[in-house]
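Enquirer: Supplied in structure tokens, the structure appears directly below.
The values are calculated or read from the model by the stated rules, or taken from the named source; none is laboratory data. Treat the numbers as computed from the prediction; the structure is a model and nothing was measured. When we count neighbours, we look across all protein chains shown, and the Cβ atoms used for this are built from the backbone with ideal geometry, even at glycine.
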Amino acid sequence: MNIFWAIPFMLGLYVAYEGIDVLTTKVRGEGLAIYKLGMMIPIKDTPIYLYGSTFLLVGAVLVLSPIIIKMVLASEAKVQ
């Protein structure tokens, strides 16, 4: 696996990990925030679910992007 495919995969794992970390945060309250991926996230239910789910989905897309790109390039080569 060359570096072009390894970077999005590792970045995706990190972003997905941060999403899981945000979703499993147990502290909730008014006026509190956590700092994840360069953002201050208020610790209320809605922002926690929104940001955590978004991080998890973006991480999954980044992890799967090398596989999807390989499949698309292989199908284009097969057609031509």
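Enquirer: Just checking, does region 21-38 include any residue being of a type outside the set (A, V, I, L, M), assigned to a helix (DSSP H, G or I) and modelled with pLDDT of 90 or more? Break it down into steps so the answer makes sense when it comes.
Expert: Of the residues in region 21-38, the ones of a type outside the set (A, V, I, L, M) are 21, 24-26, 28-31, 35-36, 38.
Cutting the leftovers down to assigned to a helix (DSSP H, G or I) gives us 21.
Imposing the further condition that a residue be modelled with pLDDT of 90 or more reduces the set to 21.
The answer is yes, given that some residue of region 21-38 is of a type outside the set (A, V, I, L, M), assigned to a helix (DSSP H, G or I) and modelled with pLDDT of 90 or more.
Enquirer: Quick check on LEU11: is it surrounded by 11 or more Cβ atoms within 10 Å (Cβ to Cβ) and either within 10 Å of the chain's Cα centre (by Cα) or in a loop (DSSP other than H, G, I, E, B) (or both)?
Expert: yes
Enquirer: Still on this model: Being charged (D, E, K, R) and touching a strand residue (DSSP E or B) at 6+ places or on another chain (Cβ under 8 Å) is the filter here; which residues of region 40-80 pass it?
Expert: none
Enquirer: Would a scan of region 57-76 turn up a residue that is without any contact (Cβ under 8 Å) to a residue 40 or more places away in the chain, on the phi > 0 side of the Ramachandran plot and surrounded by 10 or more Cβ atoms within 10 Å (Cβ to Cβ)?
Expert: no
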